[in-house]
Every structure is written in C-alpha cells, then in structure tokens.
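**Q** The following block contains the structure, expressed as structure tokens.
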Amino acid sequence: MTSALPRPGHEDDRPAADDRLLVRRPGPRELRPGRTHRRRRTLEISLAVAVPLLLVLLWQLAADRAWLDDRVYPAPSTILADGWDRALAGELWPDVWATLRRVLAGYAVGTVTGYLLGLLMGSLSLVRAALEPLLDALYVVPKLALLPVFLNMFGLGEGPQVALVATTVFFFVWISTMAAVMAIPSGHRDAGQVFGAGPWQMFRHVLLPASLPAVLVGARIAAGVAVLVIVASEQIAATDGLGHLIFDSRALFQNDVMFVGIVCVAVLGVLFSELVRLAGRFLTPWAPRDRGRPRS
C-alpha cells in the first residue's frame, strides 16, 4: 500500500507532482509472512487436488449418463475396482516392478555417465570442441529409433530396455551439466586458484556446489522422460512391464486393464520425479526452492 505525503517544509503548499514522497506501508505479507505463506500453500494444494478430481468426477458422470461408451472409456470407478482386484491378486506388481527395475537401472547409468562427461566437456574446451558436434547430432535422433540397434547389440531381455533409458537420461544430464559448468563465473575459479586449490578441491568447493542445482533440474526432467521412454519401449520389445500391459490389454480390448496400466505409469512418473526433487533439495540446501517456504 502506498500513499503520497508532502515533503517537510511544504505542508502549507500544494505539493507538486515531483515534490510528493511515496510511502509504502507493510501489507499482510510483510506483517504476517507465516500466515500468508500457509494460506498460499493451502490454496495451491487445494487447486492441485481439485482440478484432477473435478475431471475424474466429470468422467464418472459422463460414463454413468452414457455420454461415453463404457466399453471404450470405462468409468473411473470401474478402473479403480479392477486395479484394486489385480493388486490384491498379485497380478499387477510384477509388471510394476519390471518397469521400475528398468527405469532405475537405466537412470543410474545415464545420470552418472552424463554428469561425468558434462563435467569434463564443461571444464575442457578442447574436449568440448571434439565431442560436442557428434553428441549434438546423436541428441536429435529419436531415442526409440535406437531400439533396433540395442536389440542387435544386447538381444532380447533387459539390456535393450536399460540401454534405451540410459541413453535418453544421458543426454539430458550431459547438456544440463555442461551448461552449468560453463556458466560458473570465472571469478569463482580464480578465487579457488588464488587459495591454491588442487583439481579435487576445485571440483569439491567450486564446480560441484556452483553447478549442482542446474544439474539436478536436468536430472528431474530426465526422470519423467525415462518413464515415458521405457513405457514406449515395453510396448515394442518386452514381454512384461506396464508398457506391455497397456499395449497387450488394448489388443485384447480390455480397456479397463489398459487404463489401470496408464494410471500406474502416471503415479510412477510423479513419484519418481518427486523423489529426484526431494533428493535435490537435500543435496543443495543453498539453492532456491521451487516449493515450500521462501527463504528470507
């Protein structure tokens, strides 16, 4: 809230536009920051829950009123009941575990290799000049187009699935790491050299803390894309997993089972992405938070 007051010595005069003194009075956000933040957070959570819940209720209403063909678009209540029955019978968990196992293995390999190469290319210009054109060309190739190559290399089984996820994650982490290291101000490196920091100390106290927040942003994006890629891959070259469950159910016209698989994929992607975000918050307490109480 702002108001205009005349400057001292001009109380009896009509203040001109350039003689006005703007005074900003503290509002509720400044006077009660904790309460304001809680209200804001409550509103955000309410909206995040209300929007998908409203869509589900509309879908249920459309199915009950026969606005949608329930043979093609089963009601959410039918999908929930079928998923619950399959979970209790133990029919759902093998496919969930197969997808999760491939995602975790590929994500670990892709993250480590992408970070190491990104760190190396961000630090050494000659290495960047030698490898960046090749990696840029490979980056634009659709990763699913590489699945036949991996099938020829590893045969049927887990190898092609893990390799495809690792390749996808690698590029996201590599790009974010290289860009983060290159964006570190030269003054940070100069300060480390002035204090006599060796290669390990330079990495530990300069490169790592300065680049890690941006690297974790790329890792979080890669987490969601990894789930997307593995589901697409399982629909083509797998005999189990959520992707295979979705594709096989569609072929058998079991649309309720198909939607159970889709819901499981959505939940798995959200949980995996949130896990990476929480890990990033733990590893980089100095970085600005994308959620939660803002730092003062």
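**Q** At what distance in angstrom do the alpha carbon centres of the stretch 59-96 and the stretch 31-45 lie from each other?
**A** 37 Å
**Q** Quick one: net charge of Q235's neighbours, Cβ under 10 Å, K/R +1, D/E -1?
**A** -1
**Q** With all pairs of different alpha carbon atoms counted, what Kirkwood hydrodynamic radius in Å does the stretch 161-245 show?
**A** Roughly 14.8 Å, rounded to one decimal.
**Q** For the stretch 70-133, which trypsin sites (Lys or Arg not before Pro) pass both filters: DSSP loop (anything but H, G, I, E, B) and at most 11 other C-beta atoms within 10 Å?
**A** For trypsin sites (Lys or Arg not before Pro) across the stretch 70-133 that sit outside H, G, I, E and B with at most 11 neighbouring Cβ atoms in 10 Å, the list reads R71.
**Q** So what's the back-of-envelope 222 nm ellipticity for the chain, counting only DSSP H runs of four-plus at -39500 (n - 2.57) apiece and dividing by all residues, rounded to 500?
**A** Result for the chain: -24000 deg cm²/dmol, rounded to the nearest 500.
**Q** Measuring with a 1.4 Å probe in the full set of protein chains, what accessible area per residue, in whole Å², belongs to the chain?
**A** Accessible area per residue, the chain: 62 Å².
**Q** How high is the relative contact order of the stretch 138-296, given as a whole-number percent (alpha carbon pairs under 8 Å, six or more residues apart)?
**A** 22 percent
**Q** Could you work out the equivalent-ellipsoid semi-axes for the stretch 25-172, taking the square root of 5 times each eigenvalue of the Cα gyration tensor, largest first, in whole Å?
**A** 41, 33, 15
**Q** Now for a different question. At a 1.4 Å probe radius, carbon and sulfur cover how many percent of the accessible area of the stretch 160-230?
**A** So the carbon and sulfur contribution to the accessible surface is 72 percent.
**Q** Explain nothing, just compute: Karplus ³J(HN,Hα) = 6.51 cos²θ - 1.76 cosθ + 1.60, θ = phi - 60°, for every residue of the stretch 216-226 in order, whole Hz, x for Gly and Pro.
**A** Going residue by residue, I get 5, 5, x, 5, 5, 4, 5, 4, x, 5, 4 Hz, with x marking Gly and Pro.
**Q** What's the carbon and sulfur percent of the stretch 67-118's accessible surface, probe 1.4 angstrom, rounded to a whole number?
**A** Its accessible area is 72 percent carbon and sulfur atoms.
**Q** Give the dimensionless ratio obtained when the Cα radius of gyration of the chain is divided by 2.2 N^0.38 Å.
**A** In units of the 2.2 N^0.38 Å rule of thumb, it is 1.41.
**Q** Let me test this: with uniform point scatterers at the alpha carbons of the stretch 22-78, what is the Debye-based log₁₀ I(q)/I(0) at q = 0.20, 0.21, 0.24, 0.30 1/Å?
**A** Summing over Cα pairs of the stretch 22-78 leads to -0.77, -0.80, -0.89, -1.06.
**Q** What is the distance in Å between the Cα centres of the stretch 219-261 and the stretch 186-212?
**A** 44 Å
**Q** Given the Cα atoms of the stretch 63-117, and with Rh set as the inverse mean 1/r over their pairs in the Kirkwood sense, what is Rg to Rh to two decimals?
**A** That ratio is 1.30, to two decimals.
**Q** Taking the chain as a Gaussian network, where each spring joins two C-alpha atoms under 10 Å apart, which residue of V23, V225, V265 fluctuates the most?
**A** Greatest mean-square fluctuation among the candidates belongs to V23.
**Q** How tilted is helix 255-283 with respect to the longest principal axis of the chain? Cα atoms for both, answer in degrees (0 to 90, nearest 10).
**A** For 255-283 against the chain, the angle is about 40 degrees.
**Q** Also, I was wondering about something else. Take the alpha carbon atoms of the stretch 129-201, find their radius of gyration, then divide it by 2.2 N^0.38 Å using N residues; give the quotient.
**A** So the stretch 129-201 has a normalised radius of gyration of 1.61.
**Q** Also, I was wondering about something else. Which whole-number percentage describes the relative contact order of the chain, with Cα contacts under 8 Å and a sequence gap of 6 or more?
**A** 19 percent
**Q** Nearest 0.05, what FRET efficiency do A62 and A87 give at R0 = 30 Å with Cβ-Cβ as r?
**A** 0.70
The values are calculated or read from the model by the stated rules, or taken from the named source; none is laboratory data. Small disclaimer: the values here were computed from a predicted structure and weren't measured. Cβ coordinates were reconstructed from backbone atoms using ideal geometry, including for glycine residues, and neighbour counts include every protein chain displayed. Remember, those area values only see protein heavy atoms, side chains included, never the ligands or the DNA or RNA. Shrake-Rupley method; radii C 1.70, N 1.55, O 1.52, S 1.80 Å.
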